[in-house]
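Structure first, then comments.
The values are calculated or read from the model by the stated rules, or taken from the named source; none is laboratory data. Keep in mind that this is a model prediction, so the values were computed, not measured. Here the Cβ positions follow ideal geometry from the backbone for every residue, glycine too, while neighbour counts run over all protein chains shown.
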């Protein structure tokens, strides 16, 4: 590793030699001058140095660990990966306005369903939540048809046995985004119980996101937000929507008898543009790590941003890299 040497006479008889290395480290060795005018080397120590960060490489494959090395010192360090929801230039965005909203998911069917077995609804006027955030099935049943908008036909849904998950397509639901009104989404499972084999559905990778005019995208709802979904059993407790604790999917298996079950989301504002948030690498009291790693699951070119403050905490410094992810 290359270094630069700087010799300073700090007092009579003592000389301090500073070595500044390529990635920000500084070391100091003290030389003492004896009575014969000869310098003898003392101890070497590292000085609190200028912070630096750098990637091991600029090109990685999907699923491969991207490593970032740290050198020197900083009081605070935050990290934006460049992925959706973690982009530095969108860190201060927080507004509502005209947006485009899309919804997509994947589904898997078992047994022989009909077009009415699985339906998808949206509502801006459903107020069936109690103080605990739960829903009374009677309130749900008594809600009028005007309360719910059937949006099922905007999606591709399988109605017979499928070996692989079927893509719903990326449906435009921008018309549901009314100013300052929150929207509730619901999956309704209605099983007549007249088949020899129970009908079942698994739905995964749900994503509802909006896109502002400047291109910023915000994820508003998915199945990872488990607390945002409420299963409601209307008829026959033998079948009910269940959520996976490990992967973003929900599923239901109908009984041999008639059943009706709903899966209802918490209300969301489709017009809300959320600010992007960084990952905290180091707080004031923490030590600077030697490195951090990140895994990208999609190919593309990502602008990675490290935001840090040095000793006086007065100035925010940004260092950026472009990382290319290939298949």
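Computed values, structure above
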read-out: Condition check for residue 144: in contact with a strand residue (DSSP E or B) (Cβ under 6 Å, 6 or more places away or on another chain) and either surrounded by fewer than 12 Cβ atoms within 10 Å (Cβ to Cβ) or touching a residue at least 40 places away in the same chain (Cβ under 8 Å) (or both); value: no
read-out: Strands (runs of 3 or more DSSP E) within segment 36-86 that include 1 or more residues at pLDDT below 95; value: 39-47, 52-55, 65-71, 76-80
read-out: Any chance residue 102 is assigned to a strand (DSSP E or B), touching a strand residue (DSSP E or B) at 6+ places or on another chain (Cβ under 8 Å), under 30 Å from residue 289 (Cβ atoms) and at pLDDT 80 or above; value: no
read-out: Conditions (1) under 19 Å from the mean Cα position of the chain (by Cα); (2) at pLDDT 90 or above; (3) buried (at least 17 other Cβ atoms within 10 Å of the Cβ): number failed by residue 260; value: (1)
read-out: Which listed residue, of 87, 151, 59, is over 30 Å from residue 306 (Cβ atoms) and touching a residue at least 24 places away in the same chain (Cβ under 8 Å); value: 151
read-out: Subset of segment 193-209 [touching a strand residue (DSSP E or B) at 6+ places or on another chain (Cβ under 9 Å) and either within 27 Å of residue 154 (Cβ to Cβ) or buried (at least 17 other Cβ atoms within 10 Å of the Cβ) (or both)]; value: 198, 199, 200, 201, 202, 203, 204, 205, 206, 207, 208, 209
read-out: Segment 130-140, subset surrounded by 14 or more Cβ atoms within 10 Å (Cβ to Cβ) and either farther than 23 Å from residue 151 by Cα or touching a residue at least 12 places away in the same chain (Cβ under 8 Å) (or both), residue nearest to the chain's Cα centre (by Cα); value: 135
read-out: Cross-chain or 6+ apart pairs with Cβ under 9 Å, segment 298-325 first and closer than 15 Å to residue 278 by Cα, then at pLDDT below 95 and surrounded by fewer than 11 Cβ atoms within 10 Å (Cβ to Cβ); value: 309/284; 309/315
read-out: Unique residue being at pLDDT below 95 and assigned to a strand (DSSP E or B) when the list is 325, 317, 301; value: 317
read-out: Positions within segment 237-253 being assigned to a loop (DSSP other than H, G, I, E, B) and within 23 Å of the chain's Cα centre (by Cα), in sequence order; value: 244, 245, 246, 247, 248
read-out: Flag for residue 128 being at pLDDT below 85 and within 25 Å of residue 238 (Cβ to Cβ); value: yes
